[in-house]
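Every number in this text was worked out from the coordinates using simple rules, so none of it is lab data. Please read these numbers as outputs of a predicted model, since none were measured by experiment. Neighbour counts run over all protein chains shown; Cβ positions are idealised from the backbone, glycine included.
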Amino acid sequence: MQAQKVVGSSKTVKVGPWGGHGGIEWDDGIHTGIRGITLIHDRCIDSIQVEYDHNGKPFLGEKHGGLGGSVTTKIKLLYPDEYLTAVSGHSCPVVYGGSPVIRSLTFKSNLRTLGPFGVEDGTPFSLPTVGGMIVGFNGKGGWYLDSIGCRISATRSVKMYETLQKKLVKFGTMATKPFATAKS
Ligand code: MMA
């Protein structure tokens, strides 16, 4: 499969959050892509930690949620060829009388579906994106992951930049030639 190289644009749309209203708010901010996600789960999603791309460099976000959970899933995306296009899942209380928490999460990339992780129980939520990519997550967390939302950015082909970059390099070489000759 031929994957198209894309980057996020600076214009983003915030979607969600889905889930409950418990826990404290967290927001990873806006980045240029996602390189990996670590989920710790069991009967619900206990925690999430996202490794972003920020202008070509890895940026590790904080871990959100609690310290429990028995299964650790490390999702490694084939950055930069692969990028996340959608997130979906389920939410409902996991303890009697508690507020809803994220029970399951499924991610979609331009290449595959990752998950479901956790337990698909409760109210489903989904984000059907058309030609966008996820560039940041936010939500609430306490003992568990209470809610999750994300920022979507339009994708644009890198090809335009590569072409422009090549032209600039060529121009730059010509422009600096007298200097280079003088120095050597
Ligand atoms: C804590 C507290 C709640 C939150 C739950 C689940 C046990 O209570 O932070 O506000 O809803 O954890 O994360």
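Spin-label model, LYS76 to LYS14: label points 7 Å out along the Cα-to-beta-carbon direction sit 3.4 nm apart.
Rounded, prolate or oblate, given the Cα gyration tensor of segment 68-108, with a/c below 1.5 counting as rounded? Taking the square roots of the gyration eigenvalues as a ≥ b ≥ c, segment 68-108 is oblate.
For GLU25 and THR113, the difference between the fully extended length at 0.36 nm per residue and the C-alpha to C-alpha distance is 28.9 nm. Computed on segment 93-132, with alpha-carbon pairs under 8 angstrom and 6+ residues apart, the relative contact order is 28 percent. In terms of other Cβ atoms within 10 Å, LEU105, LEU77 run from fewest to most in the order LEU77, LEU105. With 0.36 nm allotted per residue and the present C-alpha distance subtracted, the THR123-GLU62 stretch has 19.3 nm of extension available.
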